[in-house]
1. Can you give the relative contact order of chain B as a percent, counting alpha carbon pairs under 8 Å and 6+ residues apart?
2. Considering every residue in B:217-224, what mean count of other chain Cβ atoms within 10 Å of its Cβ is obtained?
3. Roughly how many Å is it from the Cα centre of the stretch A:5-44 to that of the stretch B:359-433, as a whole number?
4. Given charges of +1 on the Cβ of Lys and Arg and -1 on the Cβ of Asp and Glu, with all other atoms neutral, how large is the dipole of chain B about its Cα centre, in debye to the nearest 20?
5. Give the angle, between 0 and 90 degrees and rounded to the nearest 10, that separates the Cα long axis of helix B:141-155 from the longest principal axis of the Cα atoms of chain B.
6. Mean projection of the alpha-carbon convex hull of chain B over all orientations, in nm²?
7. For the stretch B:328-456, give the share of DSSP beta bridges that are antiparallel, in percent and rounded to the nearest 5; count only bridges with both residues there.
8. For the modelled label position 7 Å from the Cα of B:THR372 along Cα-to-Cβ, which residues of the stretch B:415-451 have backbone nitrogen atoms closer than 17 Å?
Amino acid sequence: MPFVNIGGKEVELDEDGFMVDPEAWTEDCAKYFSEGEGIPEMTEDHWKVIFYLRDYYKQFQIAPMIRKLCKETGCSLKYIYELFPTGPAKGSCKLAGLPKPTGCV
Amino acid sequence: MPEVNGLKMPAKASEKEMKNIHIDPVPDDQKVEVALQHLDEMRKKFRSFVMAMESCVKCGACAENCHTYLGTKDPNNIPTNRAELIRKIYKRYFTLEGRWFGKLVGAEDLTLDVLEQWYSYFYQCNECRRCAMSCPFGIDTCEVTFVGRQILHWLGMVPKLHANVGAAMEKAGNHTGLPKPSLIDTLEFLSEEIQEEFGVEVNFPVDKPDSDILYIPSSADFLLNPYTLMGAGMFFTYIGANWTIPSTVAEAGNFGLLFDQRFTQRHNVTRLLDASQKLGIKKIVWGECGHGWRAAKMYIPTLADRPVKWPIVHLHDETSYYVNTNQLKLDPGKNNHPTTLHDPCNYGRACGMTKQLRDVLSACVTDFREMTPNQEKNFCCGGGSAILFDDPEMYDLRIKFSAKKAEQVRATGVGANGDGYLCAPCSICKAQLYPMVEEHKLGVEVKGLIDLLGKALVWK
């Protein structure tokens, strides 16, 4: 498993580039991943989605239903794709330090 | 790991991930020997496999019937050639002519390179069994893929996706890794959504004892397919069913069928039977999941390690019964979009479920147009057997595997105005088609069948 240096800390990533330990997440991690996910600049809405995902994950140990993510953050799915070009699963979950969703998704 | 020695292949599970699914990967220097032992066991056990090894005359009828070959033009994706990757080994070690004349009769030594070839091509097979239908001998090449993947599993060569799903099933009771509180949270959210959109009160009981119906949803519905869950909830509420969803097996899929037909597949079945007994239910109703329905309908009777006293039916056996007996008031005008139907391969070719889908869909939409070919002759979506890999190389293959499907959808004209529906009542088909209808610019939205039924229901 590769390690990358983010803001002076060694962070472990899996082969898909997702964080192995969601607890090790910092805002610097989101900024670091944004570069690889085609996001030129982090906006307030990016952070809103990321913090919602992190809160949900903290409570339920899983990402929320995408429809719920959209509803609770007030972002349409189309807008989520504009914010995170690789989509809610690969893009926003990665930036939020959540594991890559598995199964038929 | 998109390419090894020029072979396209999905990233493999790590040693740790393999241990999570109870396999100690075999060291490279022993792989060949161990693979041959397993191949020997398999040929002695499965006549369907031996038939595929012995009977093929290379007529080539399967070639143009395989969408993976049509999409990639890779000769190893011709079903008989894919099977040949094992057949040449079988010949070399288990036939007289192969032992004596080797390469002259197409026999070949097993090497690590050949095993990598197996890994690459058996995970480019969608296990859709369209080739089996076209074979004049009735050879089911899917059985060869099954054998190849099972041996690879025992060697420790499984895609990360499949291995992690197996581990999630054991840990959480579903493929997506949803703990019970998250199941309940999502279902409560959907109750609110139904109230808001349809103005009806629908509850989703979880683990409710003494329920009549045990509903087995696909866990992907909890992340990706809200209307599939909402539709099922609305249907059961409409007919006044006493139903529940089991938190210990909130999973219609069974990836065991796809890579490990021993422990992984049986584990899922055991969970189901435990939940059925514990909750005192009377009938099991299966959600929208193609391979899972095949695993349930065709394998549980022989895989179960105890008597199965509950009937197991599909959701659309139920919905079609209610539609055909006029017990549902439906307004197709609520789905006023040109709609075509993709028959999931495991419904049409493995379980004989084609008429039910049509009976329900025609009652729920205004403009239903069949694609051609259809029913048991339908082409796979290109995601079959969950080859839903998303690294750029494998994703590119998925686009190629779905080219035939795109052609079929286009020919119906449903997407001509950009407002068509593509009904695909299976979680793998949905996960494959959501991005593929965009890649191929088909002008359609992908919908489950129960999604459309839920929307069409007219409440008193």
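1. Numbers: 851 pairs, mean separation 73.4, N = 460.
This gives 16 percent for chain B.
2. Per residue, the number of nearby Cβ atoms from other chains is 5 on average.
3. Measuring centre to centre over Cα atoms gives 35 Å.
4. In total the dipole reaches around 1360 debye.
5. 80 degrees
6. 21.2 nm²
7. Here the share of antiparallel DSSP bridges comes out near 0 percent.
8. Once the point is set 7 Å along Cα→Cβ of B:THR372, B:415 turn out to lie under 17 Å by backbone N, inside the stretch B:415-451.
No lab work stands behind these numbers, since they all come straight from the coordinates. Just so we're clear, the structure is a prediction, and the values are computed from it rather than from any experiment. Ideal geometry is used to build each Cβ from the backbone, glycine not excepted, and the neighbour counts take in all protein chains shown.
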